[in-house]
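The values are calculated or read from the model by the stated rules, or taken from the named source; none is laboratory data. All values reported here derive from a predicted model rather than from experimental measurement. A quick note on method: Cβ atoms are made from the backbone with ideal geometry, for glycine too, and the neighbour counts reach across all protein chains shown. The area values use the complete protein model at the heavy-atom level, side chains included, leaving out ligands, DNA and RNA. Shrake-Rupley method; radii C 1.70, N 1.55, O 1.52, S 1.80 Å.
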Amino acid sequence: MKKYTNINDIANLKSLIKEAINLKRNPFQNTELGKNKTLVMVFFNASLRTRLSTEKAARNLGMEVSILNVNDAWNLEFEDGAVMNLTTSEHIKEAAQVISQYANIIAVRAFPGLKDKAKDEAEIILNSFLKYATVPVVNMESATAHPLQALADAITIEEFKTTKKPKVVLSWAPHPKALPQAVANSFVKVMQHMEVDFSITHPEGYELNPEIVKDTPINYNQKEALENADFVYVKNWSSYNKYGQILSEDSNWMITKEKLGQAKFMHCLPIRRNVIAEDAVLDSENSIVIPQANNRTFSAQIILKKILENK
Ligand code: SN0
């Protein structure tokens with residue numbers, strides 16, 4: 001693997017999931033692979049799971065890890081030809097090349113601004129690292145994608161499924177803040193490559209990018225959509241069409257124990273309790289959010305392993 005910025009970078013999802021589950025059984029089988037190699041993680045935004053699980057994954061492979069919170073660094077400039085007489089102190093051209101000399105892999109987290117769709121979709125930060133870094137780049141959630149999360153989600157479904165082709169529903173839920181579509185986008189993409197009966201439910205106006213959704217069924221009736229589901233993946237996102245806007249905070253879309261029924265409950269975390277899902281859901285046996293978060297380590301580890309092996 002030369003980079004991991006999108007689900008499309010996975011050549012064979014099925015075997016990758018299998019290999020990740022195998023790593024989980026014996027995480028220390030490749031401690032020589034990362035010896036004398038360094039992962040540099042660059043954060044433009046907050047992180048709990050991504051930071052700790054990716055660091056753990058790297059250490060499991062024998063790598064060293066350096067973490068840079070960009071808020072503690074120089075203000076970076078991304079615009080080509082910018083006259084840097086204002087607030088930015090260093091151009092990404094220098095920064096990415098310099099970081100590359102200290103790193104064998106660079107991982108980047110950069111959320112969207114959710115103001116300007118074209119700008120967010122251009123993925124300026126991630127693509128600048130891809131362009132100017134001289135080592136492989138990993139996406140730790142960019143403006144439009146969160147492929148490490150989606151791979152962990154796929155591993156989790158594989159582990160918890162009890163039928164050959166489980167019914168998986170991605171449900172929108174309300175949130176007080178405008179959130180990115182990244183997690184939902186990558187989850188949709190990964191589900192399209194799995195042997196699942198997959199559909200999406202959300203209020204009208206919350207349609208995701210049609211180029212991602214393709215022919216995945218959408219049901220505007222949440223109750224109907226959730227019937228007989230084996231897995232309910234819940235996530236808020238802001239409107240894609242009315243870009244970055246909150247169109248509804250309708251608490252009727254919150255996931256309750258009653259709506260969930262026998263299904264397993266999934267969420268990438270962090271989760272707003274009693275807004276996205278009620279306590280009774282999160283505190284029930286049906287919630288698999290904790291083992292789901294554990295799989296973040298093995299999702300990151302299999303990706304770092306493939307990059308280190310360059311295959
Ligand atoms: C991010 C998102 O993309 O939705 C990261 C998820 C892994 N979530 C948030 O920013 C939640 C923030 C909040 O205040 O609840």
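At-a-glance table
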quantity	calculated
Candidate aspartates and glutamates - alpha carbon under 13 Å from Lys3, same-chain residues fewer than 8 apart omitted	Glu309
Percent accessible area from carbon and sulfur atoms, segment 48-204, protein chains only, probe 1.4 Å	49
Amide proton proximity set for Asp197, modelled H, under 5 Å, gap of 5+	Lys167, Val168
Asp215/Lys2 FRET efficiency (R0 35 Å; Cβ-Cβ; nearest 0.05)	0.75
Mean-position separation - Cα centroids, segment 233-261 and segment 58-98, in angstrom	34
Accessible-area value, Lys2, 1.4 Å probe, nucleic acids and ligands omitted, Å²	150
Surface accessible to a 1.4 Å probe, per residue, for the residues of the chain, Å²	46
Gap separating the Cα centres of segment 291-311 and segment 122-140, nearest whole Å	19
Reachable lysines from Lys167, criterion Cα separation under 20 angstrom, eight or more residues apart if same chain	Lys14, Lys189, Lys214, Lys223, Lys235, Lys257, Lys259, Lys264
Burial order of peptide ranges 27-33, 101-107 (average beta-carbon count within 10 Å, highest first)	101-107, 27-33
